[in-house]
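The values are calculated or read from the model by the stated rules, or taken from the named source; none is laboratory data. Just so we're clear, the structure is a prediction, and the values are computed from it rather than from any experiment. Using ideal geometry, Cβ is built from the backbone for each residue, glycine included, and neighbour counts are taken over all protein chains shown.
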Protein chains: 2
Amino acid sequence: MAIWVLRYGHRRMRDARASTHVALVARALGAKGIIFEGERDDLLMERLRKIAKEWGGEFEVRHTADWMKEIGKFKAAGGWVAHLTMYGQRLDDVIDEVRKQKKEGMGGMEKDGLVMVGSQKVPTEAYQLADFNISVTNQPHSEIAALALFLDHYFQGTELKLEFGGAQRRIVPSKMGKNVITCNE
Amino acid sequence: MAIWVLRYGHRRMRDARASTHVALVARALGAKGIIFEGERDDLLMERLRKIAKEWGGEFEVRHTADWMKEIGKFKAAGGWVAHLTMYGQRLDDVIDEVRKQKKEGMGGMEKDGLVMVGSQKVPTEAYQLADFNISVTNQPHSEIAALALFLDHYFQGTELKLEFGGAQRRIVPSKMGKNVITCNE
């Protein structure tokens, strides 16, 4: 089972920082990769790949020119699609159902998931194509926070203990100050 | 018991959007208010107050010219200070201790809390003044996400059910589409 994040409507100038946060949250909290839709931003993607290499793990970063096709491919392969929106069903009310999505005829393996977060306004089709429209509170706040809470509730906190293999740099948690280990290969 | 957020090192041009996310997350997830340190940004604060008025509740927004003094006042009043940093102790390992902070001689009432998140690099003094330096994963990601997860774990999910009194606008969660109620006073 893998979770991917689809970042809809990225704009190079305006969204660089917020999209960086979205991608790093996806990686840190256990997603397998991020797919950017909108303006192709090679600089951003290169920077993210560099961070992923430095800090370990297998995070993938790519761009798509057709988000509906991505959703289509995902669903055709048996996966579910969740769209995070302040208008959706409450996270609490729906997360168990999302977690219980199992593949048919494959010994009940969990399905892969695609989590869509908008940068700009998301078109009506997204609401229709998604299996779940999910709100993390129905208040205005942040797609970065919404993604973090979705992943934390989906993985039930286990993602906070993830280890990232092959890291060049690692932090040892400490009460005060900074303890960074550099691993030379 | 109330939780406040201290946003350290805000810069008007560079941080407007990220600081907006931090403030809206604070509000949506149950903090009582936000204190901005760094460049005074009246436009941002006015916008946040307007959103808070529109969506209800009692969220407070203000600026400080002296973050150390704020921490000092907070601790003098018996509160705890948590600094969110990727170098700190793991959220899981420390959140129960934070939640158990009780006021002495007041029937064991929970203490108020101040949660500090940086925009730019946070000075060494912050690590020393904080009662808790807390990491939400030890990976690079987002102070917006870190704040959201801290508040969610502190309030143990109860904050996702908050109702905001006196709102001019309210969303009714829905499976598909948008259902917004406008409340005329």
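Quick rundown of the values:
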read-out	value
Residue match in the stretch A:148-162 (condition: touching a residue at least 24 places away in the same chain (Cβ under 8 Å), small (G, A, S) and within 11 Å of another protein chain (Cβ to nearest Cβ))	yes
The stretch B:163-175 - residue that is in a loop (DSSP other than H, G, I, E, B) and either among the charged types (D, E, K, R) or surrounded by fewer than 16 Cβ atoms within 10 Å (Cβ to Cβ) (or both) and, of those, nearest to the other protein chains (Cβ to nearest Cβ)	B:K175
Extreme residue, surrounded by the most Cβ atoms within 10 Å (Cβ to Cβ), among residues of the stretch A:111-147 that are part of a helix (DSSP H, G or I) and in contact (Cβ under 8 Å) with a residue 40 or more places away in the chain	A:I144
Odd one out for B:A31 among (1) assigned to a loop (DSSP other than H, G, I, E, B); (2) over 16 Å from the mean Cα position of the chain (by Cα); (3) at negative phi; (4) small (G, A, S)	(2)
Unmet requirement for A:I3, which otherwise passes all of (1) more than 23 Å from A:C183 (Cβ to Cβ); (2) within 14 Å of chain B (Cβ to nearest Cβ); (3) modelled with pLDDT of 95 or more	(2)
So B:A26, is it in contact with a helix residue (DSSP H, G or I) (Cβ under 7 Å, 6 or more places away or on another chain) and either within 16 Å of B:L162 (Cβ to Cβ) or surrounded by fewer than 21 Cβ atoms within 10 Å (Cβ to Cβ) (or both)	yes
Among (1) away from chain A (no Cβ under 14 Å); (2) under 20 Å from B:H141 (Cα atoms); (3) of a type in the set (D, E) - the single one B:D93 does not satisfy	(1)
Of the criteria (1) more than 10 Å from every other protein chain (Cβ to nearest Cβ); (2) surrounded by fewer than 19 Cβ atoms within 10 Å (Cβ to Cβ); (3) modelled with pLDDT of 95 or more, which one A:K103 fails	(3)
